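The values are calculated or read from the model by the stated rules, or taken from the named source; none is laboratory data. In this text, all values refer to a predicted model and were calculated from it rather than measured experimentally. Cβ atoms come from the backbone with ideal geometry, glycine included; neighbour counts cover every protein chain shown.
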Amino acid sequence: MYKRILLKLSGEALAAGKGFGIDAVFIHKVAAEIAAVHSLGCEIGIVVGGGNFFRGVAQQAIDMDRVAADHMGMLSTVINAIALQDAIEKLDIICRVMSAIEMHEIAEPYIRRRAIRHLEKGRIVIFAAGTGNPFFSTDTAASLRAMEIKADILLKATSVDGIYTADPKTTPEATKLPDITYNDILRLNLRVMDQAAVSLCKDNNMPMMVFSMKEQGNIVRVVKGEKLGSLVTA
């Protein structure tokens, strides 16, 4: 269904409900699912969050300078990227971590043309350190990288099976929205992703699928064209 995708994984998802750190068993399950998508011939770029270690806007950073806190959050994404790279390479798939902040000893610097070349050669590319700039979330980084590598779709894997009119964890009567536009997300002020990311996708006509990664095989089903979760279009 899709030749090239950008997969956004949250740091919280890699913690698999533990709240902090990386769940070693779960990250290998995620790697196996990514490998299954790769075997279909799909080119895969991945953006990982860092919320399982540190978030610049979280309570733990309340007394910190926002720029310093965001830099710490970016470094958290690098930890997750290296862990995911290790799990993927254990399945004999070549994987590259490209960081928006230069750290040559552990990751390649992000260069758009080099990233696209890696994808064309069948390598999986993990984009770490967000955009490299404070005040931008990894959701914005995912939207930006999806545009830069000319992905067919942005896949946002979360702990919820789609977009709801309210948080289904706290509002049981919330209604699921299988189809929605970016304008509706902005108008209803839905917390799917931050407004900068939503506007970027809207302005560049980038479709996005929001779905749950709790069920094994969901990423493969989405790539094959099965409609799961919520589809967002411009």
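When the range 3-17 is examined, which residues are found to be surrounded by 23 or more Cβ atoms within 10 Å (Cβ to Cβ), of a type outside the set (A, V, I, L, M, F, W, C) and out of contact with any Lys or Arg (no Cβ under 6 Å at 6 or more places or on another chain)? Walk me through it before giving the result.
Here is the first cut: in the range 3-17, the residues surrounded by 23 or more Cβ atoms within 10 Å (Cβ to Cβ) are 5-9, 11, 13-14.
Now drop any that are not of a type outside the set (A, V, I, L, M, F, W, C), which leaves 8, 11.
Answer for the range 3-17, where residues must be surrounded by 23 or more Cβ atoms within 10 Å (Cβ to Cβ), of a type outside the set (A, V, I, L, M, F, W, C) and out of contact with any Lys or Arg (no Cβ under 6 Å at 6 or more places or on another chain): just G11.
Just checking, does the range 45-68 include any residue being touching a residue at least 40 places away in the same chain (Cβ under 8 Å) and farther than 16 Å from A129 by Cα? No, the conditions are met nowhere in the range 45-68. Can you tell me which residue is modelled with the lowest pLDDT among those in the range 66-88 that are in contact with a helix residue (DSSP H, G or I) (Cβ under 9 Å, 6 or more places away or on another chain) and among the charged types (D, E, K, R)? That would be D70. When I116 is tested against (1) of a type in the set (V, I, T); (2) over 21 Å from G19 (Cα atoms); (3) buried (at least 20 other Cβ atoms within 10 Å of the Cβ), only condition (3) is not met. Highlighted here are the helices (runs of 4 or more DSSP H) found entirely within the range 118-234 that include at least 2 residues which are hydroxyl-bearing (S, T, Y): 138-148. When A166, A197 are checked against the criterion of being free of Cβ contacts under 8 Å to residues at least 12 places away in the same chain and more than 18 Å from L228 (Cβ to Cβ), A166 stands alone in meeting it. Could you tell me whether any residue of the range 43-52 is touching a His at 6+ places or on another chain (Cβ under 7 Å) and under 16 Å from I88 (Cα atoms)? Checked the range 43-52: at least one residue is touching a His at 6+ places or on another chain (Cβ under 7 Å) and under 16 Å from I88 (Cα atoms).
Does the range 107-143 hold any residues that are modelled with pLDDT of 95 or more, among the hydrophobic types (A, V, I, L, M, F, W, C) and over 20 Å from V37 (Cβ atoms), and which are they? A107, I111, A129, A141, listed by residue number. Within the range 82-98, not a single residue is under 21 Å from K214 (Cα atoms), touching a strand residue (DSSP E or B) at 6+ places or on another chain (Cβ under 8 Å), in contact (Cβ under 8 Å) with a residue 24 or more places away in the chain and not in a helix (DSSP H, G or I).
Those residues that are out of contact with any Phe, Trp or Tyr (no Cβ under 9 Å at 6 or more places or on another chain) and either surrounded by 17 or more Cβ atoms within 10 Å (Cβ to Cβ) or at pLDDT 95 or above (or both), I need them from the range 44-61; list them, please.
Scanning the range 44-61 gives I44, G49, G50, G51, F54, R55.
For the structure I just gave you, tell me whether K150 is of a type in the set (K, R) and under 27 Å from A36 (Cβ atoms). It is true that K150 is of a type in the set (K, R) and under 27 Å from A36 (Cβ atoms).
Within the range 15-32, the set of residues being within 24 Å of T140 (Cα to Cα) and either assigned to a helix (DSSP H, G or I) or within 14 Å of the chain's Cα centre (by Cα) (or both) comprises A15, I27, V30, A31.
A Cβ distance below 7 Å, combined with a sequence gap of six or more or placement on separate chains, defines the contacts here; from the range 169-181, residues that are without any contact (Cβ under 8 Å) to a residue 60 or more places away in the chain reach residues that are among the aromatic types (F, W, Y) and not in a loop (DSSP other than H, G, I, E, B) in the pairs A174/Y164; T175/Y164; K176/Y164; L177/Y164. When the test is whether a residue is without any contact (Cβ under 8 Å) to a residue 24 or more places away in the chain, surrounded by fewer than 23 Cβ atoms within 10 Å (Cβ to Cβ) and in contact with a Phe, Trp or Tyr (Cβ under 6 Å, 6 or more places away or on another chain), A24 does not pass it.
Regarding K202, is this residue surrounded by fewer than 22 Cβ atoms within 10 Å (Cβ to Cβ), touching a Gly at 6+ places or on another chain (Cβ under 8 Å), modelled with pLDDT of 90 or more and farther than 21 Å from A81 by Cβ?
no
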